[in-house]
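Take a look at the structure below.
The values are calculated or read from the model by the stated rules, or taken from the named source; none is laboratory data. Note that the coordinates shown come from a computational prediction; the quantities given were computed from them, not determined experimentally. Cβ sites come from the backbone with ideal geometry, for glycine too, and all protein chains shown count toward neighbours. Just so you know, the surface numbers come from the protein's heavy atoms only, side chains and all, with ligands and any DNA or RNA stripped out. Shrake-Rupley method; radii C 1.70, N 1.55, O 1.52, S 1.80 Å.
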Amino acid sequence: LSIKNTNNFVNNIRYLKKMIFKYGIDHLTVDKVIAIAQGTLKAVLTQETIDSVETCRLKVEKMASGNKAVYGINTGFGPLCDVQITPAETSKLQENLLITHAVGVGNPIDKELSKIMMICKVHALCQGFSGVRLALIERILYFIENDLLPIVPEQGSVGASGDLAPLSHLFLPLLGEGEFWIGKEIKPAKEVLAQHKLKPLTLEAKEGLGLINGTQFILAHAIKGLQKMTYILDLVDVAGAMSLEGFQGSASPFKEALHKIRPFKGNVKVAQRIRMLLKDSQNVENHFECERVQDPYSIRCMPQVHGASRNAYEHLKELAEIEMNSVTDNPIVLSDTEAISGGNFHGQPLAMALDYGSIAASELGNIADRRCYLLLEGSYGLPRLLTSGGGLNSGFMIPQYTTAALVTENKSLCFPPSADSVPTSLGQEDHVSMGSISGRKFNQILGNIEKIIAIELMYAAQAMEFRRPNTFSPIIEENFKIIREKVAKLEDDRVLKDDIYAMISLVQNKAFIVH
């Protein structure tokens, strides 16, 4: 090989190394989990991880065969923790655990959530403190890599001792029980395993508990929500900037000097982004010295409101990434003789942060709805209801009813489940997190926010039409063009349903330029 080719070869190897995630050793992030789930990042077991898993397994086997009662290894569970189990009963005990705890109800969760749950569970088991066999981990990896995604009902977890019901459904197929998604169809696990020439596994000491004790249902919802919120946070700045352009608002509230003296990270970032989004806007420049003293808060206070939501997002992301690199089952195996029954499975650390994230997401919709209303009022050269033919035409009056309804729905979803607790397990589990509900509501709110922002973008584009021949910043002009490719300027009343759905599709498919 020439030196040039050798260098290319070395660079390619380095690139390939970057594309591999090592379970149990490497650090998971939101982006990495999503990349593994979508197949753009390869995850592998290293020899170091294998050695760690097998060493921990030997410790469990030693305890299982001993006379000393060790919770979950040779005893019953929950209120039956004082009942010791013989070695001969161990396998039945662990399998009974999955079967009896698979009591979830409701619609199945999204397929990708099931996959994310398995990815996070494998990473936790590979830390070397759970004591499961390597064969069990390898079977879950086979499910992940072959898109064998178990059916998991959305309801039934109280978030401590972890997500017992959803994780039981997730791993029933290991036993040949439960169901898989095969395309859009639901197939019995036993039938699918047979097609893949796989025999159901027999669980051994500690394995049932290692599988279903944990926070992976809560965590998967946090990861999915964070992925969605990343784009929403950027897009709401774009929508706000476009509404500012349509309203001919002032750029002064976004000056760097103003935010240096109250330097919350989120506020500073949003102000910087609004400045970027308005750069080289003729529309803004033409009204730099206008007689208006100040704009309403929904325009003027975007850094403070959008920024506060960004601060909450960063907090949730930090905690979620700690959780996805943690061991959350129980008991935790520390030595040949010590397996501590603690509370690492308790979902409160994520539950509270998810509730905070829900409020943060909801506020993005709240302020966006206010901007929609503002653009309808007919101020500063805009026609009322954003139509020149008011009276005969209702213009954009009614879509704001939809944003108002969605905003109120989100407010009702902001009740914090983490503030509630209903005792379970005969009082043994007398305080639970309800974090699974927090995670589900967080994602519901984000889904509503996408619809609200879609309507605001449609309103902003209509308002901008009345500011021509002024031009806007390059990035705003590009986004205006994206909207107009799907939704025409409203001249006379027409059915707006298709326009709204087209806008929602653009938002959900991340069609807008946000940087």
For this session: Whole number in Å², please: accessible area per residue of the chain, 1.4 Å probe, ligands, DNA and RNA not counted.
Result: 44 Å²
Problem set entry | Solvent-accessible surface (1.4 angstrom probe) belonging to L496, in square angstrom, nearest 10 | 30 Å²
Exercise. What is the percent of Cα-Cα separations in the stretch 244-384 that go past 20 Å?
Worked result: 61 percent
Problem set entry | Contact order relative to length of the stretch 276-405, as percent, for alpha carbon pairs under 8 angstrom and 6 or more apart | 19 percent
Seminar exercise, completed: So, relative contact order of the stretch 307-353 in percent, Cα under 8 Å, 6 or more apart, is 37 percent
Seminar exercise, completed: Listed by chain and number, the residues whose amide H is under 5 Å from that of L149, excluding neighbours fewer than 5 places away on the same chain and using placed H, are W181
For this session: Apply 1/(1 + (r/R0)^6) to the Cβ-Cβ distance of S379 and D51, taking R0 = 56 Å, and write down the FRET efficiency to the nearest 0.05.
Result: 0.20
Exercise. What is the chain's relative contact order, in percent, from Cα pairs under 8 angstrom and six or more apart in sequence?
Worked result: 17 percent
Seminar exercise, completed: Among K32/K510; K260/K481; K184/K486, the pairs whose Cα-Cα distance exceeds 23 Å are K260/K481; K184/K486
Problem set entry | Gap separating the Cα centres of the stretch 236-288 and the stretch 432-496, nearest whole Å | 18 Å
Problem set entry | From phi via Karplus (6.51, -1.76, 1.60), per-residue ³J(HN,Hα) for the stretch 168-177 in Hz, x at Gly/Pro | 5, 4, 4, 10, 3, x, 4, 8, x, 9
For this session: Mind checking which lysines have their Cα closer than 16 Å to the Cα of K265? Skip sequence neighbours fewer than 8 apart in that chain.
Result: K255, K317
Problem set entry | Cβ-derived FRET efficiency at R0 22 Å, H315 paired with K510, nearest 0.05 | 0.40
Problem set entry | Long-range tail of P(r) for the stretch 408-495 (Cα pairs > 18 Å, %) | 63 percent
Exercise. Could the peptides 97-103, 64-70 be put in order, highest first, of the mean number of other beta-carbon atoms found within 10 Å of their residues?
Worked result: 97-103, 64-70
Seminar exercise, completed: Excluding residues fewer than 8 positions from K190 in its own chain, the lysines with Cα under 24 Å of it are K92, K111, K115, K121, K199, K206
Problem set entry | Rounded to whole Hz, the Karplus (6.51, -1.76, 1.60) HN-Hα couplings of the stretch 478-488, x for glycine and proline | 5, 5, 4, 5, 4, 5, 5, 5, 10, 10, 6
For this session: Quick one: pull the percent of accessible area on the chain belonging to carbon and sulfur, 1.4 Å probe, ligands and nucleic acids left out.
Result: 55 percent
Exercise. So what's the gap between the Cα centers of the stretch 497-515 and the stretch 295-325, to the nearest angstrom?
Worked result: 22 Å
Exercise. Which residues' amide hydrogens lie under 5 Å from the amide hydrogen of A43, considering only partners 5 or more residues apart or on another chain, with H built in the peptide plane?
Worked result: F21
Problem set entry | D295, D430, reordered so the largest accessible area comes first (probe 1.4 Å) | D430, D295
For this session: May I ask what percent, to the nearest 5, of DSSP beta bridges between residues of the chain are antiparallel?
Result: 75 percent
For this session: Measure out, as a whole number of angstrom, how far apart the alpha-carbon centroids of the stretch 381-406 and the stretch 104-123 sit.
Result: 42 Å
For this session: Using just the alpha carbons, could you tell me how many Å³ per residue the convex hull of the chain encloses?
Result: 192 Å³
Problem set entry | Hypothetical label at S412: residues of the stretch 492-515 whose amide nitrogen lies under 18 Å (7 Å Cα-Cβ projection) | none
For this session: Round to the nearest 10 and report in Å² the accessible area of R440, as given by a 1.4 Å probe over the protein chains' heavy atoms.
Result: 50 Å²
Problem set entry | Residue-level accessible surface for V284, protein heavy atoms, 1.4 Å, Å² | 10 Å²
